[in-house]
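One structure below.
The values are calculated or read from the model by the stated rules, or taken from the named source; none is laboratory data. Treat the numbers as computed from the prediction; the structure is a model and nothing was measured. Quick reminder, even Gly has a Cβ in these numbers, built from the backbone with ideal geometry, and neighbours come from all protein chains shown.
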Amino acid sequence: DAKTTQPPSMDCAEGRAANLPCNHSTISGNEYVYWYRQIHSQGPQYIIHGLKNNETNEMASLIITEDRKSSTLILPHATLRDTAVYYCIVRVVAGYSTLTFGKGTMLLVSP
Amino acid sequence: DSGVTQTPKHLITATGQRVTLRCSPRSGDLSVYWYQQSLDQGLQFLIQYYNGEERAKGNILERFSAQQFPDLHSELNLSSLELGDSALYFCASSVSGANSYEQYFGPGTRLTVT
């Protein structure tokens with residue numbers, strides 16, 4: 001699986017959009033970009049995934065650059081409950097590949 | 001609530017002992033994964049089972065073993081426990097083992113070895 005690089009921490013004001021970047025410059029053509037988050041000591045929670053097109057669901061939007069070397073997770077209106085560690089993971093969805101978690105980005109949403 | 005249950009929530013035991021952690025996957029999910037999260041190592045994949053068979057192995061110690069039963073629940077056995085085994089242990093499940101997009105994580109079991 002390709003390696004990812006994320007900033008260790010970010011701050012966001014409540015109600016504003018949180019834009020979390022992820023660099024995955026060595027991504028292969030068959031690798032997907034996944035985002036999970038982990039609220040303090042709880043189990044990680046799936047947020048969204050994509051291959052090359054931008055994706056949106058009820059939680060977030062995922063913007064993947066045309067060359068697929070980086071992506072941005074967007075939480076459109078961050079709330080205090082969005083304070084968590086956000087993990088960007090790149091993996092092949094084939095065979096029995098697993099999730100490899102890095103250190104992620106600690107997002108702190110403040111009032 | 002992910003639908004994945006884990007018991008017990010907390011476990012305190014002494015070095016050298018053996019413990020068993022239990023996981024029930026979401027209804028309909030055939031695959032179970034175990035992860036360990038410690039302060040210094042982060043979240044690490046241990047092992048995966050699909051419909052009762054081992055499918056993938058990560059950084060699982062030889063002192064640790066797991067199995068998945070016919071009713072699809074899984075148990076992680078940790079033996080000869082050391083202080084460094086203190087960690088959060090998460091179980092996750094997914095519909096299939098291969099080509100699976102999402103894993104749903106349980107609330108975890110916090111193991112403290114004293």
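Matching residues to (1) touching a strand residue (DSSP E or B) at 6+ places or on another chain (Cβ under 9 Å); (2) within 9 Å of chain B (Cβ to nearest Cβ); (3) surrounded by fewer than 18 Cβ atoms within 10 Å (Cβ to Cβ); (4) in contact (Cβ under 8 Å) with a residue 24 or more places away in the chain:
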position	(1), (2), (3), (4)
A:Arg68	yes, no, no, yes
A:Leu75	yes, no, no, yes
A:Leu80	yes, no, yes, yes
A:Val93	yes, yes, yes, yes
A:Gly102	yes, yes, yes, yes
A:Thr105	yes, no, no, yes
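What strands (runs of 3 or more DSSP E), lying completely within the range B:33-74, carry at least 3 residues that are crowded, with 23+ Cβ neighbours inside 10 Å and touching a residue at least 60 places away in the same chain (Cβ under 8 Å)?
Working: elements: B:42-50, B:53-57, B:64-68.
Filter on the range B:33-74 gives an empty set.
Among A:Thr100, A:Thr65, A:Thr79, which is the only one that is of a type outside the set (Gly, Ala, Ser), within 26 Å of A:Thr26 (Cα to Cα) and at pLDDT 95 or above? Break it down stepwise before answering.
Values: A:Thr100 fails: at pLDDT 95 or above; A:Thr79 fails: within 26 Å of A:Thr26 (Cα to Cα).
So the residue among A:Thr100, A:Thr65, A:Thr79 that is of a type outside the set (Gly, Ala, Ser), within 26 Å of A:Thr26 (Cα to Cα) and at pLDDT 95 or above is A:Thr65.
Note on the range B:1-15: residues that are loosely packed, with under 12 Cβ neighbours inside 10 Å and modelled with pLDDT under 95 total 1.
The residue pairs whose first member lies in the range B:1-25 and is in contact (Cβ under 8 Å) with a residue 24 or more places away in the chain and under 20 Å from B:Val113 (Cα atoms), whose second member is part of a loop (DSSP other than H, G, I, E, B) and among the β-branched types (Val, Ile, Thr), and whose beta carbons are closer than 6 Å, counting only pairs six or more residues apart or on different chains, are B:Ala14/B:Thr114. Only residues that are farther than 17 Å from A:His77 by Cβ, surrounded by fewer than 19 Cβ atoms within 10 Å (Cβ to Cβ), away from chain B (no Cβ under 14 Å) and over 12 Å from the mean Cα position of the chain (by Cα) were counted in the range A:6-65, giving 9.
Counting the residues of the range B:49-70 that are within 12 Å of B:Cys23 (Cβ to Cβ) and at pLDDT below 95 gives 1.
Residues in the range B:31-67 that are in contact with a Ser or Thr (Cβ under 6 Å, 6 or more places away or on another chain) and more than 18 Å from B:Leu78 (Cβ to Cβ): B:Ser31, B:Tyr50, B:Ala56. Residues of the range B:75-111 that are surrounded by fewer than 21 Cβ atoms within 10 Å (Cβ to Cβ) and at positive phi: B:Ser80, B:Asn99.
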